[in-house]
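The values are calculated or read from the model by the stated rules, or taken from the named source; none is laboratory data. Keep in mind that this is a model prediction, so the values were computed, not measured. Glycine gets a Cβ as well: all are built from the backbone with ideal geometry, and neighbour counts include every protein chain shown.
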Amino acid sequence: MGQIKQSSKIEMNNLLVPLLILVFFPFPSKYVGYSISLYICDIVFIGYLLFIFVKKKYVVTINNTTRFFLVFLGLNCFGILIALLKGNISSLRPFSEVLRTFEWMIIYLFCINYFKKDIKSITKINSIVNKCVAILLLLLIPFITIELFDLSGKAIFRSLYEMNKSGNIYQNYNRIVGPFRNPNFLGIWMTIILLYVFTQPYKWKTKILFSLECIGVIYFTGSRTAILISLIMLGLVLLSQGILDFGKGVLKKVLGVVVIAAVAYFVVQKQIDLFYSVRLRLDLNELQNLGGRTSIWEEYSNIMKENLLLGNGIVKSDDLVLDNMYLLYLYYYGIFGLLLYFLFFIRNIFKSVGAYLRNRKNAMLLYAVVLQGIILVSGFTMQILDALQLSFWYWLILAYIDSSEENKMTS
């Protein structure tokens, strides 16, 4: 019995440790700079995955997903070549796109081996991921509390993490960043976690408490993208389950939403001044130009039109921040490259929906469909796959779908 518990703990740690590295690894940005600190985090994260890969004797899986990764690597090299021919490369930064694709592949291969070789039971996977999410949420509470209420420990966090965009509850601006640097990234990460908690078989009280934490953090990030996506995805989950699987479980989810909304309303009404945010006031101009993004897109529209077919190559510049995953791929690789990414995304949507329709009792497959929507919609206002904290969940769930198809997991 002791050996079984120890084995289960090791299996959970093999997933928990990389998640902790991604979320909480301290960025000593004040001393080495933000870019260098990100590379340090990536090295530690990928180094850990490769260590487990070798230790557990994982294998390189050849399937359609890994073939897509190879296509993307070829596309990266093509983008670098185009940039060289156009004279747009002045540093080694464009090669980071090749490294990022390698990172995606390593994450995917780690996860699919983890599911196929170590965790063959659906119930066991749910249990492990549930515990990992619970630990992450509990660890975030003191961090967010200190940042939000501007407590004395915030100075320590500022020395470890990039928090230039951080506000606090007394400034009526409410842009907390946590350990993510970017409040939009924190908002989308919490949206990913919120929908996981909402779709998975947590105890009812735990589901309510974790959901309230997620909703509170999403609100205080000031990320309108995260708020909107959260509402849309929660509504779609309830609608789809109401149509496909109406019953006691759906009624519990509806009741849960009602309870969460009632508690949130009560808290806000009691502390209305603390919850007022200048950023989240109704501003039609801000909504129409998507927070100033449309003017940036217009600025680069002519350049993209001139090189529509093959793109401009991979150009890395602090000034080139399109805040749109699809336009960035169009800028780099042209229509040809963008269509390859679209083909990959559409394929994954169909795989997720098909897997869920074949086994609607598997809550992880429902979450797979929801996650597809979160990633693809948020891609319109941020370069979401560039952040490993966010894209990790995408590759994890894709590996879960592929492994369940190849290995036929038992329940």
Consider residue 53 carefully, then state whether it is on the phi < 0 side of the Ramachandran plot, buried (at least 19 other Cβ atoms within 10 Å of the Cβ), under 24 Å from the mean Cα position of the chain (by Cα) and modelled with pLDDT of 90 or more. no
Residue check, residue 297 against (1) of a type outside the set (D, E, K, R); (2) crowded, with 18+ Cβ neighbours inside 10 Å; (3) at pLDDT below 90, all met but one. Which one? (2)
If I go through the range 136-158 residue by residue, how many of them are touching a residue at least 24 places away in the same chain (Cβ under 8 Å) and surrounded by 13 or more Cβ atoms within 10 Å (Cβ to Cβ)? 9
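Each row is one residue, and each column tells you yes or no for (1) surrounded by fewer than 17 Cβ atoms within 10 Å (Cβ to Cβ); (2) at pLDDT below 95; (3) more than 28 Å from residue 227 (Cβ to Cβ).
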| position | (1), (2), (3) |
| --- | --- |
| 293 | no, yes, no |
| 304 | no, yes, yes |
| 317 | yes, yes, yes |
| 320 | yes, yes, no |
| 327 | no, yes, no |
| 331 | no, yes, no |
| 337 | no, yes, yes |
| 354 | yes, yes, yes |
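Residue-by-condition table, conditions (1) polar (S, T, N, Q); (2) under 22 Å from residue 384 (Cα atoms); (3) part of a helix (DSSP H, G or I):
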{"site": "128", "(1), (2), (3)": "no, no, yes"}
{"site": "136", "(1), (2), (3)": "no, yes, yes"}
{"site": "176", "(1), (2), (3)": "no, yes, no"}
{"site": "188", "(1), (2), (3)": "no, yes, yes"}
{"site": "195", "(1), (2), (3)": "no, yes, yes"}
{"site": "209", "(1), (2), (3)": "no, no, yes"}
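This table checks each residue for (1) farther than 21 Å from residue 19 by Cα; (2) within 21 Å of the chain's Cα centre (by Cα).
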position: 94; (1), (2): yes, no
position: 109; (1), (2): no, yes
position: 116; (1), (2): no, no
position: 130; (1), (2): no, yes
position: 176; (1), (2): no, yes
position: 184; (1), (2): no, yes
position: 191; (1), (2): no, yes
position: 194; (1), (2): no, yes
position: 200; (1), (2): no, yes
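A quick yes/no check of all residues on (1) out of contact with any helix residue (DSSP H, G or I) (no Cβ under 6 Å at 6 or more places or on another chain); (2) touching a residue at least 12 places away in the same chain (Cβ under 8 Å); (3) more than 18 Å from residue 197 (Cβ to Cβ):
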residue: 350; (1), (2), (3): yes, no, yes
residue: 358; (1), (2), (3): yes, no, yes
residue: 379; (1), (2), (3): no, yes, yes
residue: 386; (1), (2), (3): yes, yes, yes
residue: 393; (1), (2), (3): no, yes, no
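Every residue, every condition in (1) of a type in the set (A, V, I, L, M); (2) modelled with pLDDT of 90 or more, yes or no:
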position	(1), (2)
164	no, no
171	no, no
179	no, no
187	no, yes
195	yes, yes
198	no, no
Can you run down the residue pairs with Cβ atoms below 6 Å, 6 or more apart or on separate chains, where the first is in the range 321-345 and of a type in the set (Asp, Glu) and the partner is surrounded by fewer than 22 Cβ atoms within 10 Å (Cβ to Cβ) and in a helix (DSSP H, G or I)? 323/293
State which residue is surrounded by the fewest Cβ atoms within 10 Å (Cβ to Cβ) when the search covers only the range 73-114 and only residues that are out of contact with any helix residue (DSSP H, G or I) (no Cβ under 6 Å at 6 or more places or on another chain) and among the hydroxyl-bearing types (Ser, Thr, Tyr). 91
Among helices (runs of 4 or more DSSP H) lying entirely in the range 300-411, which contain 2 or more residues that are touching a Lys or Arg at 6+ places or on another chain (Cβ under 9 Å)? 363-378, 388-407
Matching residues in the range 67-119 (part of a helix (DSSP H, G or I), free of Cβ contacts under 8 Å to residues at least 24 places away in the same chain and not hydrophobic (A, V, I, L, M, F, W, C)) number 2
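Results for (1) under 19 Å from residue 402 (Cα atoms); (2) at pLDDT 95 or above; (3) not aliphatic (A, V, I, L, M), shown as yes or no for each residue.
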position	(1), (2), (3)
59	yes, no, no
70	yes, yes, no
81	no, no, no
84	no, no, no
88	no, no, yes
94	no, no, yes
